[in-house]
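In what follows, a single structure is set out as structure tokens and then discussed.
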Amino acid sequence: MKSLSYKISIGLVSLMLLSSCQSELDKLNKNPNNLEQTEVGPLLTNIVLNSVRAMTENGWTLGNGYGQYMTFSSSYYNLPTRYQPVSNDPVWNSTYGNARNAQLLYNLGVSRNNATVQAVALALRSHAFGQLTDLWGDIPFKNALQASTGNFTPAYDSQQVVYNDPDLGILASLRKADQLLASSTATIVGDPLYNGDPKAWRRFVNALRLRYLMRVSGKQDVASEIQQIVKDGNLMTNASQSASIAFQTAVPYVFPSLVERSGDFNVKYVSQLFYTVLRTTGDSDRLTLIAAPNSQGKGKSGFSFDYYGGMPLVSDASATQVDTASNFSSNFLAINNPSLLKERLITYAEQEFILAEAAQRGLITGSAQDYYNAGIYGAFAEWGLTNDQAASYLKRPNTSFDSSKAIQQIITQKWIVNFNVGFEGWVEYLRTGFPSLETGGNLNLNGGSIATRFLYPDPERTINNMNYNQELQSRMGGKETTTYKAWWAN
């Protein structure tokens, strides 16, 4: 009995020790720096900053090249920026990451019954999917963002579905976001865009709605929805309400050109098209703001358009072409220029030009000229210029509103203000044909055609191969091309 009691006692002690050790191990194995529950603030900050940074950093060279604001004196950049087929993996990866995180934020908002968090998440998710479908066409959408459940091979959905799906689509999601914000007064933390203000987010949501409604307006009736947005009045009223963030002064949160090698910055030139548009409209204010004098203008006093110039689309520029063209000015290297050095998602000026187009096309009531003029004032304010400068600009022959060529004027002015706003200049050209992008020079790198989309990234072709090939067979005749026409394009 003594032996048995001893064994039982030893066993009990062992169990107690094991239990105690396990308890201590549980304590030791908990990482105090690892949050047990996702917090709204850090997640929101991450999504917003990554969204604006992805568009700005990739827009600086590739976006401005595709939109023909910028061109290059050296063939070093010519393959990717002259519409040669490229996949643009960084934007694909970061934007899907933003969409995934926005979905996490939405789920968090639902679990906490926070309407503002839900609405903000829907806005950011919609912006992400808008970028993806506008740049690539059909994309994994309804079954995307499910890697945590083991789905690494989502099927592709058409652009119509991405825009119009009644549950997840861009337009339905933004509509829901507007409704949520209409009844929510709750502010949110960690918001670097609007400091948690639900009214400001509602204005942003409706500006995005206008952008995407106008984008599909050639394919479906959007007049009543745009008119209702205007009637409700929850829109930006000035440039200070644009969705933009000033760059910081510390790496890596700086304007892309600030961390470029000098050789990379110095081969970038104002394109012939950009220069010609600014000269034709008598736009000396914005020209001198963004462009450096050419060799004829260096050291000269006063202003002359001849002191500036644009670079044609060439593979390698001649000495004469370099001498007569303008680099981008030192404003892009000046940390203390808060007007130009911003990351922008959508501006008040773009909103007003959208409404001007809608009015001119008869989609809404109101004066197209009034919206157009407001867009000009907003565009000048966006770049730190004055109302007097905008008023003077509006009096010039090729800038004063002309109903006989109003659509071209409106879209061209929107193109100007969307310089360095991601890929908007290029995407809007694909929708409208304005301004007329050049098709000469070295565009034969893409068979003489302006690309209409990016290629799907290599990992997508490898990991999601079956759905990728099915997409190619159903949409592109079995071979991927950069000239496949978007559903909403003219």
* To do: Evaluate the charge dipole of the range 364-490 about its Cα centre and quote only its size in Debye, nearest 20, assuming +1 on the Cβ of each Lys and Arg and -1 on the Cβ of each Asp and Glu.
  => 300 debye
* Along the positive direction of the dipole of the chain (beta-carbon charges: Lys, Arg +1; Asp, Glu -1; about the Cα centre), which of 187, 85, 308 reaches farthest? -> 187
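From the helices alone, meaning DSSP H stretches of at least four residues, give me the mean residue ellipticity at 222 nm for the chain, per-run term -39500 (n - 2.57), in deg cm²/dmol to the nearest 500. Each step should come with its number before you reach the end.
Numbers: 20 runs with 243 residues, N = 490.
The per-residue figure over the chain is -15500 deg cm²/dmol.
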* **Projected label distance in nm at residue 224 and residue 93, using a 7 Å step from Cα toward the beta-carbon** => 4.5 nm
* Structure fact -> Taking Cα atoms only, helix 115-136 is inclined relative to the longest principal axis of the chain by an angle, in degrees rounded to 10, of 60 degrees
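Taking the range 440-490, which trypsin sites (Lys or Arg not before Pro) meet the DSSP loop condition and have no more than 16 other C-beta atoms within 10 Å? Display every interim value, and only then the final one.
Details: sites: 453, 461, 475, 479, 485; in loops: 453, 479, 485.
Taking the range 440-490 and a limit of 16 other Cβ atoms within 10 Å, the loop trypsin sites (Lys or Arg not before Pro) found are 479, 485.
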* **Amide hydrogen neighbours beyond the local backbone of residue 291, cut-off 5 Å, H modeled** => 329
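Assigning unit charges at the beta carbon (Lys, Arg +1; Asp, Glu -1) and nothing else, what dipole magnitude in debye, to the nearest 20, does the chain show about its Cα centre? All intermediate terms of the calculation are to be shown ahead of the outcome.
Working: 39 positive and 39 negative charges, 105 e Å.
Dipole about the Cα centre, nearest 20: 500 debye.
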* Under the classification rounded if a/c is under 1.5, otherwise prolate if a/b is larger than b/c and oblate if not, where does the range 132-178 fall, given a ≥ b ≥ c as square roots of the Cα gyration tensor eigenvalues? -> oblate
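Under Stokes-Einstein, with the Kirkwood radius over Cα pairs standing in for Rh, what whole-number D in µm²/s applies to the chain at 20 °C and 1.002 mPa s?
Values: Rh = 24.4 Å.
Value of D from the Cα-based Kirkwood radius: 88 µm²/s.
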* Would you kindly find the accessible area of residue 487, with a 1.4 Å probe and non-protein molecules such as ligands, DNA and RNA excluded, rounding to the nearest 10 Å²? => 50 Å²
* Asked: Taking Cα atoms, how many degrees apart are the long axis of helix 89-111 and the longest axis of the chain, rounded to 10 and kept between 0 and 90?
  -> 50 degrees
* Using 7 Å Cα-to-Cβ label points, what is the residue 386/residue 439 separation (nm, one decimal)? -> 4.4 nm
* To do: Could you work out how far the C-alpha centroid of the range 102-174 sits from that of the range 45-96, in angstrom?
  => 22 Å
* **Acute angle (nearest 10 degrees) that the helix 2-28 long axis makes with the longest principal axis of the chain, alpha-carbon atoms** => 10 degrees
* Within the set of other residues whose C-beta is less than 12 Å from the C-beta of residue 93, count the net charge using Lys and Arg as +1 and Asp and Glu as -1. => -2
* To do: Might you work out the accessible area of residue 363 for me, using a 1.4 Å probe with all protein chains in place, and round it to the nearest 10 Å²?
  => 40 Å²
* Computed accessible area, residue 167, all protein chains, 1.4 angstrom probe, square angstrom -> 120 Å²
* For every other residue with a beta carbon closer than 11 angstrom to the beta carbon of residue 428, add +1 if it is Lys or Arg and -1 if Asp or Glu, then tell me the sum. => 0
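Which net charge results when you count Lys and Arg as +1 and Asp and Glu as -1 among the other residues whose beta-carbon is under 12 Å from that of residue 268?
Details: positive: 261; negative: 260, 264.
The answer is -1.
The values are calculated or read from the model by the stated rules, or taken from the named source; none is laboratory data. On a predicted model such as this, the values are computed, not experimentally measured, just so you know. All Cβ positions, glycine included, derive from the backbone under ideal geometry; neighbour counts span all protein chains shown. When the accessible area is computed, the model is the full protein with side chains, heavy atoms only, and any ligands, DNA or RNA have been set aside. Shrake-Rupley method; radii C 1.70, N 1.55, O 1.52, S 1.80 Å.
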